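*Asks:* Below is the structure I would like to discuss, written out as structure tokens.
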Amino acid sequence: MNEVIVGHISEFTDRRGRVFRLGELELALFKLSDGEVKAVENNCPHKNGKLSEGMVCDHHVYCPLHDWKIDLNDGLVQAPDEGCIQTYPVFVDDKGNVVLQLAMQSKVS
Amino acid sequence: MKRKLVMIGNGMAGVSFVEQLLKLNPHRYDITIIGAEPHPNYNRIMLSSVLAGDANMQDIVLNDWDWYRDNNILLHAGQTAAHIDTEKRTVTTDKGIAASYDDLVFATGSLPFMLPLPGADKEGVIAFRDIKDCETMIEASKNYRKAVVIGGGLLGLEAARGLLNLKMEVDVVHIFDNLMERQLDRTASKLLQAELERQGMNFLLEKQSDSIMGKKRVTGLKFKDGTHVDADLVVMAVGIKPNVQLAKDSGIEVNRGIVVDDYLQTSLPNVYAVGECAEHRGIAYGLVAPLYEQGAILAKKLAGVDSEGYQGSVVSTKLKVSGVNVFSAGRFNDEPGTKAVRVQDDIDGIYKKVVFDQGKVIGAVLFGDTGDSSRLFSLIRSGEDFAGREKEVLLGSSGGQMASTGDLVAAMSGDEIVCGCNGVTKDTILESITEKGCVSVGEIRACTKASGGCGGCKPLVEAILTSALGEDNVAAVKEGICGCTTLSRDEVVDAIKRMHLTTSKEVMHVLEWANPEGCTKCRPALNYYLGMVYPDEHEDELESRIVNERSHANIQKDGTFSVVPRIYGGVTTPADLKKIATVAEKYNVPLVKITGGQRIDLLGVKKEDLPGMWGDLDMPSGYAYGKALRTVKTCVGSTFCRFGTQDSIKMGIDLEKKFERLDTPHKVKLAVSGCPRNCAEATIKDLGVVAIDGGWEIYVAGNGGTRVRAADLLVKVKTEEEVLEWTGAYLQYYRETANWNERTSEWAQRVGLDTVKKALESKEDRDALCERIDKTLGLVKDPWKQIVENAELSKAFDALTAPAEAKV
Ligand SMILES: Cc1cc2nc3c(=O)[nH]c(=O)nc-3n(C[C@H](O)[C@H](O)[C@H](O)COP(=O)(O)OP(=O)(O)OC[C@H]3O[C@@H](n4cnc5c(N)ncnc54)[C@H](O)[C@@H]3O)c2cc1C
Ligand code: SF4
Ligand code: FES
């Protein structure tokens, strides 16, 4: 497991997405209304919409291109559409750093 | 011991019959179905929608594989029944599977009739009957351009419409001079032709096909008169013939179809036929409604329930081509002794004809407005006597003794079919309301499939719903603005005003939203309504704006954005052009394009480059992404044009400068032309201004988009000030009364143009509206500038990157 500080919580706006890039990897990070941060791959399973640009409603993001609804907790696309995206564990440490945990065997390698 | 039922054919009529049988007597039979197509039962009618791109293959499955399993039906899909031994009572398939029966049902449908033209066996010559044909057409559209449909009937026209949607060029060849001659009279037929030509179909009428040209694949079609057309695809839709060969080979009496009696029994005992393959009293039907009626009778017969037997059906048709409303039923042609009442309205393109025989309605044709279709169809079937008051049927009566839809519903018997496409009876619909708690047409559709086919029965389903629940209850369960609430737009806006709610969060709390943070439908809507009601108090909620309005640029399919600076009235300067060119080069903009609204679009910009570009451009945002004033297109007008009567450029610039940045329910496009030649196409705009000698005409509620609509004249005024005043009042009235995401054309049609005119009629009302819009306009700021000047805001456009030491 590798931990990467991607930024500070103050750089995040409520219910807005930010893009994080590392090599080939592109993630969308969102700060939810309750302060929690979520990270998922920035790629909609439908037609590769940039989820970082989507609207966040509670723990869901709606893809900006065709409105698929995706659960940020488990990456599952909500009915009536189907599919799933990769999610990544993130936490905010006591200094307010947003820390992303990347497993070694993740898609990046 | 259960009896054994074998059915040949796994199509609409057959499976509907099996469904009915299972309802009446689920345990009587062990059922085997042999179906040649490798699919479960699907809605053949909807193939037109699949072709037109409105539905996909999954959407049209009527009974999925699980249904067969759950009902213990043995299905041999992809197998053709090849032989029947009527002595031993067995059916054998082409793959060698044998099934023995006590009762046998033919439900083999029809075969498309293929004209025996020389060359008809070439590649690219097909029919339109099943999923495979549909797939062939979709595939062909990817590689070829030119399609020819032979046959100007229902099927041919639906195929042609689908092919047009697939971006093919389409010629429709018809042997007669009028389209759909079996369903329409000449007047309606010509109106239809005009409408379809407008949609892009090309007709070759009174043409007899001679032969098909080409080597391996078709390249053209030759006619008897020596002319020919090019074609990469030929679709034959000239008719169908009942599929009777197997029955004939088995010694069953066959005429055009398999001959059946009133109980659908063939000439052999225990052998029945239902659907398009059957011929009853000399008629083989080709539409589903009568086939479902046959199925219901056969189900009763085999379930051991008494019935009167099948008496034949009156049929009605509806063409499933979007933008065209056509309906016909019964005997609609004038015959000796019949009388007809006609209404023809060339202005709205409406034609109605009702034919009477001895006072009874025997047929009808409707074009343009088919709202009366269910009523007329049930009058044909009920045979009510209108002698002496025939005119009331179409024109209404002063005495008011006309049957209302409500009375009609009351008079319908329970087993009368309401939805012809899916064979749903009135009782089934009532059951879904009373037992399954359906309270809207949508729910009834989900529950029973009623109104899910061509949609023609929707008014009747609504009427049944109203009669069952009462007017008030139907009103009480109307659908809300989205799935998060049952409240309508007006109720929400009312609550916002009444309780002085100023944030979305408050609205959702107080009005008990089902989802705590709403959804993509209500969030932007609420943000708009709040801003409209409280321009100075409501703080714009950026997180509730859709991506384009949040990023102040249009997102493209690859995640890049496009940038369109404001170019007032389409007038620019060499200096601005140079600046735009420099910026385009600096940021490696892949595509620079002139838009339809007379400005310049820089496409393919990376999100992180947006603030930089805006800064360098130092021009106002063109709002090409927003639900806001987009462009004011102008013609050159009196400044240079020899026809111009007024300065259309100045008028356009003034309008654009005054109303830019205004939030509106949907995008708003304006245009100004300098004379009635109307080069700026002002009459398909949300608001268009056309100069006349000594004044201006203001047109409203036009649309040049998905649903083209010519604008209506709102008013003629004399001065430029008046143009600004009327425009302000009109836009504010739209802002205050439209649903979010509703274009002016839809809105004006919904509320009625007269209502709009009335609201703007008095100078006092206009002034009040203008005062409110001016207040809002006083608060708007250029978003690009704001972002450029605020480092915090600009930074949000950057991607985060990992610190250098992080490696994965
Ligand atoms: C594009 C299109 C649009 C239409 N639009 C409308 C409309 O708007 N309104 C309307 O009322 N009707 C419409 N129709 C007509 C309607 O679809 C038919 O009337 C209806 O499907 C007929 O039902 P059926 O069960 O008799 O035949 P089918 O649905 O054709 O079913 C017969 C089945 O039997 C199979 N079969 C045949 N022989 C054998 C054998 N020997 N062994 C095994 N299987 C066999 C066939 O493969 C077929 O699957 C439309 C038809 C088409 C093609
Ligand atoms: S609309 Fe009239 S004034 Fe304007 S360019 Fe055309 S002809 Fe000239
Ligand atoms: S790309 Fe995400 S919904 Fe289409």
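The values are calculated or read from the model by the stated rules, or taken from the named source; none is laboratory data. Remember, it's a predicted structure, so these values are computed and weren't measured experimentally. Glycine gets a Cβ as well: all are built from the backbone with ideal geometry, and neighbour counts include every protein chain shown. Accessible surface is based on the protein model in full, side chains and every heavy atom, while ligands, DNA and RNA are left aside. Shrake-Rupley method; radii C 1.70, N 1.55, O 1.52, S 1.80 Å.
*Asks:* Any chance you could get the radius of gyration and Dmax over the Cα atoms of segment B:54-103, in Å?
*Replies:* Answer for segment B:54-103, Rg first and Dmax second: 14.6, 48 Å.
*Asks:* Evaluate the relative contact order of chain B (contact order divided by residue number), counting alpha-carbon pairs under 8 angstrom at least 6 apart; express in whole percent.
*Replies:* Relative contact order, chain B: 7 percent.
*Asks:* Rg to Rh ratio, segment B:168-307, alpha-carbon atoms and Kirkwood radius?
*Replies:* Looking at segment B:168-307, the ratio lands at 1.12.
*Asks:* Compute the signed sum of charges (Lys and Arg +1, Asp and Glu -1) over the other residues within less than 14 Å, Cβ to Cβ, of residue B:110.
*Replies:* Value of the local net charge: -1.
*Asks:* Tell me the net charge near residue B:354. Cut-off is 10 Å between Cβ atoms, residue B:354 excluded, with +1 for each Lys or Arg and -1 for each Asp or Glu.
*Replies:* +3
*Asks:* Tell me the per residue accessible area of segment B:649-738 using a 1.4 Å probe; a whole number in Å² is fine.
*Replies:* 35
*Asks:* Still on this structure, please answer the following. In Å, what is the Rg of the alpha-carbon atoms in segment B:249-295, and how long is Dmax?
*Replies:* Final numbers for Rg and Dmax: 9.8, 29 Å.
*Asks:* Which value at 222 nm does the protein assembly as shown reach when only helices count, each DSSP H run of 4 or more adding -39,500 (n - 2.57), with the total divided by all residues and rounded to the nearest 500 deg cm²/dmol?
*Replies:* -8500 deg cm²/dmol
*Asks:* How much net charge surrounds residue B:186 when only the other residues with a Cβ under 14 Å from the Cβ of residue B:186 are counted, with Lys and Arg +1 and Asp and Glu -1?
*Replies:* Result for the neighbourhood of residue B:186: -1.
*Asks:* In the calculated pair distance distribution of segment B:91-241, what percentage of Cα-Cα distances lie above 22 Å?
*Replies:* Roughly 44 percent, rounded to a whole number.
*Asks:* Determine, from the Cβ-Cβ distance of residue B:98 and residue B:228 and an R0 of 41 Å, the FRET efficiency 1/(1 + (r/R0)^6), rounded to the nearest 0.05.
*Replies:* Calculated transfer efficiency: 0.25.
*Asks:* Suppose each label sits 7 Å from its Cα in the direction of the beta carbon; what would the residue B:4-residue B:249 distance come out to in nanometres?
*Replies:* The modelled label-to-label distance comes out at 2.0 nm.
*Asks:* I'm a student and want to see the number: the projected area of the Cα convex hull of segment B:685-803, averaged over all directions, in nm².
*Replies:* That works out to 11.0 nm².
*Asks:* Report, to the nearest 10°, how far helix B:720-737 tilts away from the longest principal axis of the Cα atoms in chain B, using its own Cα long axis and a range of 0 to 90°.
*Replies:* Computed tilt is about 50 degrees.
*Asks:* Rounded to whole Å, give me the distance from the Cα center of segment B:613-627 to that of segment B:12-31.
*Replies:* 65
*Asks:* Related question: Please compute the length gained on full extension between residue B:708 and residue B:70, using 0.36 nm multiplied by the number of residues separating them and subtracting their Cα-Cα distance.
*Replies:* That pair, residue B:708 and residue B:70, stretches by 224.9 nm at full extension.
*Asks:* Okay, moving on. If I take the Cα coordinates of segment B:334-376 and project them onto the principal axes, what are the three extents in Å, biggest first?
*Replies:* 31, 21, 12
*Asks:* Something else now. Under 11 Å from the 7 Å Cα→Cβ point of residue B:722, by amide nitrogen: which residues of segment B:672-710?
*Replies:* B:694-698
*Asks:* Return the sequence-ordered ³J(HN,Hα) values of segment B:360-374 in whole Hz as given by the Karplus equation 6.51 cos²θ - 1.76 cosθ + 1.60 applied to θ = phi - 60°, using x for Gly and Pro.
*Replies:* 9, 6, 10, x, 7, 10, 10, 9, x, 10, 10, x, 8, 4, 5
*Asks:* Then there's this: What length, rounded to one decimal in nm, is gained on full extension from residue B:410 through to residue B:120, with 0.36 nm per residue of separation minus their alpha-carbon distance?
*Replies:* Extra length from residue B:410 to residue B:120 when fully extended: 99.2 nm.
*Asks:* Quick one: which residues, 5 or more positions from residue B:628 or on another chain, have an amide H under 5 Å from its amide H? H modelled 1.01 Å from N in the peptide plane, none for Pro or chain starts.
*Replies:* Here the answer is B:664, B:667, B:668, since their amide H atoms fall under 5 Å of that of residue B:628.
*Asks:* Quick one: Debye curve from the C-alpha atoms of the protein assembly as shown, no solvent, what's log10 I(q)/I(0) at q = 0.06, 0.07 Å⁻¹?
*Replies:* -0.55, -0.75
*Asks:* Now for a separate question. Sort out for me the Cα centre separation of segment B:263-336 from segment B:536-609, rounded to whole Å.
*Replies:* A separation of 59 Å, based on Cα centres.
*Asks:* For segment B:442-597, what is the largest minus smallest coordinate of the Cα atoms on each principal axis, given in angstrom and ordered from greatest to least?
*Replies:* Dimensions of segment B:442-597 along the principal axes of its Cα atoms: 69, 44, 29 Å.
*Asks:* How high is the relative contact order of segment B:1-119, given as a whole-number percent (alpha carbon pairs under 8 Å, six or more residues apart)?
*Replies:* That works out to 35 percent.
*Asks:* What FRET efficiency would be calculated for the residue pair residue B:578, residue B:82, taking the C-beta separation as r and a Förster radius of 60 Å, to the nearest 0.05?
*Replies:* 0.15
*Asks:* Suppose we look only past 21 Å in the calculated P(r) of segment B:602-731. What percent of the Cα-Cα pairs does that tail hold?
*Replies:* 42
*Asks:* Here's a follow-up. What total accessible area, in Å², is buried where chains A and B meet, using a 1.4 Å probe and rounding to the nearest 100?
*Replies:* That pair of chains buries around 2700 Å² in total.
*Asks:* Please check segment A:28-58 for residues whose accessible area, probe 1.4 Å, is lower by 30 Å² or more when all protein chains are in place than in their chain alone.
*Replies:* Relative to the lone chain, where solvent access is computed with a 1.4 Å probe, segment A:28-58 loses at least 30 Å² at A:50, A:53, A:55, A:57, A:58.
*Asks:* Additional query: List every residue whose amide H lies under 5 Å from the amide H of residue B:485, counting only residues 5 or more places away in sequence or on a different chain, with H placed 1.01 Å from N in the peptide plane.
*Replies:* The answer is B:514.
*Asks:* In Å and whole numbers, how far do the C-alpha atoms of segment B:291-414 stretch along each principal axis, longest first?
*Replies:* 55, 36, 33
*Asks:* At 1.4 Å probe size, with the rest of the protein present, what percent of the exposed accessible area of segment B:719-808 is carbon and sulfur atoms?
*Replies:* Roughly 49 percent, rounded to a whole number.
*Asks:* Additional query: Any idea what Rg and Dmax come out to for chain A if you just take the C-alpha atoms, in Å?
*Replies:* According to the Cα coordinates of chain A, Rg and Dmax are 13.1, 41 Å.
*Asks:* Turning to a different aspect of this structure: If eta is 1.567 mPa s and T is 4 °C, what Stokes-Einstein diffusion coefficient results for segment B:14-129, Kirkwood Rh from Cα pairs, in µm²/s?
*Replies:* Result for D is 78 µm²/s.
*Asks:* I'd like the distance between the alpha-carbon centres of segment B:84-128 and segment B:772-795, rounded to an integer number of Å.
*Replies:* 70
*Asks:* Ok, one more. Determine Rg/Rh for chain B; Rg is computed over alpha-carbon atoms and Rh is the Kirkwood hydrodynamic estimate from the same atoms.
*Replies:* With Rh from the inverse mean 1/r over Cα pairs, Rg/Rh is 1.02.
*Asks:* Mind checking the per residue accessible area of chain A for me, 1.4 Å probe, whole number of Å²?
*Replies:* I get 46 Å² per residue for chain A.
*Asks:* Continuing with this model, one more query. Using 7 Å Cα-to-Cβ label points, what is the residue B:486/residue B:761 separation (nm, one decimal)?
*Replies:* Computed distance between label sites residue B:486 and residue B:761 equals 3.7 nm.
*Asks:* Here is a follow-up. Counting only protein heavy atoms and using a 1.4 Å probe, what share of the accessible area of chain A belongs to carbon plus sulfur, as a whole percent?
*Replies:* About 47 percent, which is the carbon plus sulfur part of the accessible surface.
*Asks:* Can you list which of the trypsin sites (Lys or Arg not before Pro) found in segment B:692-800 are DSSP loop residues with at most 15 other C-beta atoms within 10 Å?
*Replies:* In loop regions of segment B:692-800 (DSSP not H, G, I, E or B), the sparsely surrounded trypsin sites (Lys or Arg not before Pro) are B:707, B:718, B:781.
*Asks:* Still on this structure, I have one more. For segment B:44-95, give the percent of accessible area contributed by carbon and sulfur heavy atoms, probe 1.4 Å, rounded to a whole number.
*Replies:* 44
*Asks:* Taking a spot 7 Å from the Cα of residue B:198 along the direction of its beta carbon, which residues of segment B:363-378 have an amide N less than 13 Å from it?
*Replies:* Answer for segment B:363-378: B:368-369.
*Asks:* Where Rh is the Kirkwood radius over the Cα pairs of segment B:120-199, the temperature 10 °C and the viscosity 1.306 mPa s, what D in µm²/s does Stokes-Einstein return?
*Replies:* In µm²/s, the coefficient rounds to 120.
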